[in-house]
1. Can you tell me which residues in the range 61-86 are assigned to a helix (DSSP H, G or I) and of a type in the set (Ser, Thr, Tyr)?
2. Condition first: surrounded by 10 or more Cβ atoms within 10 Å (Cβ to Cβ), at pLDDT 65 or above, assigned to a loop (DSSP other than H, G, I, E, B) and hydrophobic (A, V, I, L, M, F, W, C). Now tell me which residues in the range 1-60 satisfy that.
Amino acid sequence: MTRNDGCSRRRRVALVLATIWLSGCATGASDLTGLGVCPPVVEYSREFQAQAAEELTLLPEGSAIAEMLADYAVMREQARVCSSRRQ
């Protein structure tokens, strides 16, 4: 290890810490359009939902896609709640 390695390492650590601290200060929304921070909730027709439900039953038990869709349902509900609070 050369003499500069320690100094360089300290500078990198200081830079990383400064970056973390500065990025942690942002508490406001990054959305500058004034529309808020709630994502839009896409509305699906009953026919489309029925087709999706049929396709879901065709997936094998324990399918990764089924798990992802369950997560997506939670996110849609959270977005719905968020939107209703903003109105």
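1. Matches in the range 61-86: Tyr72, Ser83, Ser84.
2. Listed by number, the residues that qualify are Val37, Cys38, Val41, Leu59.
The values are calculated or read from the model by the stated rules, or taken from the named source; none is laboratory data. Because the structure is a prediction, the values reported are computed rather than measured. In this analysis, Cβ positions are derived from the backbone assuming ideal geometry, glycine residues included, and neighbour counts consider all displayed protein chains.
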